[in-house]
Amino acid sequence: VNQCLIFTCENSTDKIKENSLTITCVSEYIKGYYDSCLDLEILISDNPCLEILINKEGAISIDNISNNPLLISVNPWLKMMQVKSLLAVGPFYQGKVNGLITLHHCDNLHTWTKDEIELLEALAGHLGIAITQAYLLKQEKRN
């Protein structure tokens with residue numbers, strides 16, 4: 001992949017009801033000359049793909065972003081970032097999403113294999129626990 005982005009989100013039912021829930025890019029891997037997405041915030045309510053991801057435990061694989069109706073609202077941004085194929089999954093902990101992992105192919109189209117999808121879903125389970133632990137540690141330090 002050319003990019004791997006990790007996002008976190010504050011899982012608040014009030015924010016979901018207000019349609020103001022955002023995800024924030026907190027970590028990235030970039031292979032090649034592509035723009036950084038660190039600190040990028042994306043509003044979930046404007047993105048049908050993200051709305052699906054926060055409500056289901058499982059990956060969404062998109063082999064060609066240019067013809068996918070789930071990405072219409074973010075297609076200009078994805079094209080600017082040169083994304084051609086993507087694989088995304090929301091890390092869950094105790095039934096609640098607390099982030100997002102996305103893998104991007106930017107050099108060419110990519111057909112995601114079952115093994116790649118299952119690997120990302122397994123990693124998402126571990127990341128969901130890690131994000132929750134980091135959030136709890138931050139809360140504890142604040143207290």
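What relative contact order, as a whole-number percentage, does the range 86-128 give when Cα pairs under 8 Å and 6 or more residues apart are counted?
Values: 46 pairs, mean separation 20.6, N = 43.
Relative contact order for the range 86-128 comes out at 48 percent.
Relative contact order of the chain: what whole-number percent is it, with Cα pairs under 8 angstrom and at least 6 residues apart? Working shown, then result.
On the way: 264 pairs, mean separation 35.3, N = 143.
It comes to 25 percent, rounded to a whole number.
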Angle between the chain longest axis and helix 114-142 axis [Cα atoms, degrees, rounded to 10]: 30 degrees
Shape box of the range 55-139 [Cα atoms, principal axes, largest first, Å]: 40, 27, 22
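Whole number please: convex hull volume per residue, Cα atoms of the chain, in Å³.
Values: hull volume 15.8 nm³, N = 143.
Dividing the Cα hull volume of the chain by its residues yields 110 Å³.
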Label-point gap, in nm, between LYS31 and ASP115 - each point 7 angstrom along Cα→Cβ: 1.5 nm
The range 51-66 - phi-based ³J(HN,Hα) in whole Hz, Karplus 6.51/-1.76/1.60, Gly and Pro as x: 4, 5, 4, 6, 10, 9, 8, x, 8, 10, 10, 10, 6, 9, 5, 5
Heavy atoms of ASP63: accessible area, 1.4 Å probe, square angstrom to 10: 60 Å²
Label-point gap, in nm, between ALA122 and ASN67 - each point 7 angstrom along Cα→Cβ: 3.2 nm
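So, with a 1.4 angstrom probe, what is the percent of accessible area on the chain that is carbon and sulfur?
On the way: 4400 of 8330 Å².
The nonpolar share, carbon plus sulfur, comes to 53 percent.
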Residue-averaged [θ]222 nm for the chain, counting only DSSP H segments that reach four residues, each worth -39500 (n - 2.57): -10000 deg cm²/dmol
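Could you do me a favour and compute the accessible area per residue for the chain, 1.4 Å probe, result in Å²? All intermediate terms of the calculation are to be shown ahead of the outcome.
Values: 8330 Å² over 143 residues.
I get 58 Å² per residue for the chain.
Provide the gained length on full extension for the span LEU43 to ASN108, in nm with one decimal, where the gain is 0.36 nm per separating residue minus the Cα-Cα distance. Each step should come with its number before you reach the end.
Working: separation 65, 0.36 × 65 = 23.40 nm, distance 2.71 nm.
Extra length from LEU43 to ASN108 when fully extended: 20.7 nm.
The values are calculated or read from the model by the stated rules, or taken from the named source; none is laboratory data. In this text the structure is predicted, and so the values were computed from the model without any measurement. In this analysis, Cβ positions are derived from the backbone assuming ideal geometry, glycine residues included, and neighbour counts consider all displayed protein chains. All accessible areas refer to the heavy atoms of the entire protein, side chains included, with ligands and DNA or RNA removed. Shrake-Rupley method; radii C 1.70, N 1.55, O 1.52, S 1.80 Å.
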